[in-house]
Amino acid sequence: MIEMSVEFVRVSMQNYNRVVILKEKEAERYLLIWIGPAEAEAIAMKLGDIQPPRPQTHDLLRNMIESLGASVSHVLVNDLNNDTFYARIVMESNGRTIEIDSRTSDAIALAVRCQVPIFAEENVLERAGIHLDREQETGLPDIAALSGRNPTPVNPEELERMSAFRDFIQGLDLDDFEKRKS
């Protein structure tokens with residue numbers, strides 16, 4: 001398990017899709033996970049320290065867990081299948097560890113509310129983690145830097161399927177990543 005941090009929640013200006021960007025804590029590898037508008041808002045509100053007048057869904061879930069005497073210990077992005085990320089919410093209750101299957105966006109929204117670590121399995125990062133090409137300043141994934149492997153050619157169908165992802169990456173402001181660090 002590799003610890004991640006929530007770097008940003010962004011909206012693609014080209015298609016208005018939302019993405020949460022997780023960054024590996026000890027390296028420059030990122031996971032970009034497409035999420036729904038409600039989950040994006042829930043994560044962004046908490047990161048921005050905005051308190052809604054009434055509890056939202058993820059606040060309610062946190063309150064229920066705590067009222068039952070349990071606690072969330074961490075969340076884990078544990079799988080990637082057919083371009084869908086999967087996650088587990090790991091809780092402690094009465095000396096037992098309980099793992100609950102969850103949509104990744106909901107797990108992240110709960111993690112930021114409970115202020116618990118977010119982890120990703122190494123195999124998920126190997127398959128979907130990206131390094132941003134800072135030297136060339138293209139904002140595109142630095143394929144050659146991934147695991148030190150030689151890049152393999154990508155077939156045209158795969159490129160077409162990934163076009164929304166590519167467009168989003170090209171639209172990222174790399175200076176924004178540097179500003180966030182300082």
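A few remarks follow.
- Count of segment 39-54 residues which are farther than 21 Å from Val116 by Cβ and not charged (D, E, K, R): 1
- Residue selection: Glu39 fails the criterion of being in contact with a helix residue (DSSP H, G or I) (Cβ under 7 Å, 6 or more places away or on another chain), in a strand (DSSP E or B) and open to solvent by less than 70 Å² (accessible area, probe 1.4 Å).
- Set Phe85, Phe8: member being at pLDDT below 95 and of a type outside the set (D, E, K, R): Phe8
- Close Cβ contacts (under 9 Å, 6 or more residues apart or on different chains) running from residues in segment 46-74 that are touching a residue at least 24 places away in the same chain (Cβ under 8 Å) to residues that are β-branched (Val, Ile, Thr) and open to solvent by 70 Å² or more (accessible area, probe 1.4 Å) comprise Ser73/Thr97.
Residue-by-condition table, conditions (1) small (Gly, Ala, Ser); (2) within 12 Å of the chain's Cα centre (by Cα):
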{"position": "Ser71", "(1), (2)": "yes, no"}
{"position": "Val75", "(1), (2)": "no, yes"}
{"position": "Thr97", "(1), (2)": "no, no"}
{"position": "Ser105", "(1), (2)": "yes, yes"}
{"position": "Ala109", "(1), (2)": "yes, yes"}
{"position": "Gln115", "(1), (2)": "no, no"}
{"position": "Phe119", "(1), (2)": "no, yes"}
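- Taking segment 47-131 as the region of interest, the helices (runs of 4 or more DSSP H) fully inside it that hold 3 or more residues being open to solvent by less than 20 Å² (accessible area, probe 1.4 Å) and touching a strand residue (DSSP E or B) at 6+ places or on another chain (Cβ under 9 Å) are 104-114.
- Of all the residues in segment 1-25, those that are open to solvent by 40 Å² or more (accessible area, probe 1.4 Å) and either assigned to a loop (DSSP other than H, G, I, E, B) or free of Cβ contacts under 8 Å to residues at least 12 places away in the same chain (or both) number 7.
The values are calculated or read from the model by the stated rules, or taken from the named source; none is laboratory data. Computed from a predicted model, the values in this text were never measured in an experiment. Here the Cβ is made from the backbone with ideal geometry for all residues, glycine too, and neighbour counts use every protein chain on show. For accessibility, only protein heavy atoms count, side chains too; no ligands or nucleic acids. Shrake-Rupley method; radii C 1.70, N 1.55, O 1.52, S 1.80 Å.
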